[in-house]
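The structure appears below as structure tokens.
The values are calculated or read from the model by the stated rules, or taken from the named source; none is laboratory data. Keep in mind that this is a model prediction, so the values were computed, not measured. Please note that ligands, DNA and RNA were not included when accessible areas were found on the heavy atoms of the full protein model with its side chains. Shrake-Rupley method; radii C 1.70, N 1.55, O 1.52, S 1.80 Å.
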Amino acid sequence: MRLDKMIASTGIASRSQIASAVKGGRVLVGGVAVRRADVQVDPDVAEVVYCGTPVVYRKFTYIMLNKPEGYVSATEDGKLPTVIDLLPPELGKIGLFPCGRLDKNTLGLMLLTNDGDTSHRLLAPKSHVAKTYAFSLKFPFSDADIAALEAGVDIGGYITAPCTVERTGEREGKITLTEGKYHQIKLMMEAVHNQVTYLERVRFGPLTLDRALSRGEWRYLSDSEITLLHKKDS
Ligand code: URA
């Protein structure tokens, strides 16, 4: 693989930044400055350092984002900012897309990747991947409401699958779903005559929202998180 392609695929820099770093002798392969950006390297074994930063090549990139309000879960939108706009420009060019959707005003854990197969598996209805959301409601809710939500409610002709609801306050709780219909939680709360005023995803399959990330911040998944994500029962 070409050296510049390998470095650019990690999202660390653009091809033009890499070209000028190579010219300036700031890209090392095996400890030696290279003079051409198009030299061939084996990405799995080459020890590449870009401007002092070791480049770890991975076929795919996985990013955890703490989604803020007002951003749409898409790669492009005619009017509104997308979650991709929260990444540095170099990372906007490696084919990342959001794994699943959160509503514009929903906050929290969003996985971004360019690994289509893994994303497809995590989102497939038959995978039953668990997603946990913290919520606040407009009105207090009862234990009967919890029982109804857990058993399944009618959201416009569809009866939701069994789920779990944990109370954390008079109007607050956590709900764990293993399916993902459009506006599902908002519609479920409406089915019990209530209204969502706050919704934040705190867990997606084996991933837990990293509280060190402020709203709008992101980080690469760790090796152990990637391993968990690839487990077939995640
Ligand atoms: N349910 C909703 O209503 N909205 C979301 O963003 C996610 C789940």
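Structure above, values below:
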item: Per-residue ³J(HN,Hα) for region 62-79, Karplus 6.51 cos²θ - 1.76 cosθ + 1.60, θ = phi - 60°, Hz, x for Gly and Pro; result: 10, 10, 9, 10, 9, 5, x, 5, x, 10, 8, 7, 8, 8, 8, 8, x, 10
item: Heavy-atom accessible area per residue - region 69-140, 1.4 Å, Å²; result: 48
item: For the chain, Kirkwood radius (reciprocal of mean inverse C-alpha pair distance, Å); result: 19.7
item: Derived scalar couplings ³J(HN,Hα) [region 100-112; Karplus, 6.51 cos²θ - 1.76 cosθ + 1.60; whole Hz; x for Gly, Pro]; result: x, 10, 10, 4, 3, 9, 8, 10, x, 5, 10, 9, 10
item: Segment THR197-THR176, length gained on full extension (0.36 nm per residue, minus Cα span); result: 5.8 nm
item: Amide H within-cut-off set for GLY108, under 5 Å, with H built and near neighbours excluded; result: LYS67, ARG201
item: ALA130 long-range amide H proximity, modeled H, under 5 Å; result: GLY205
item: Beta bridges by DSSP in the chain, antiparallel share as percent, to the nearest 5; result: 95
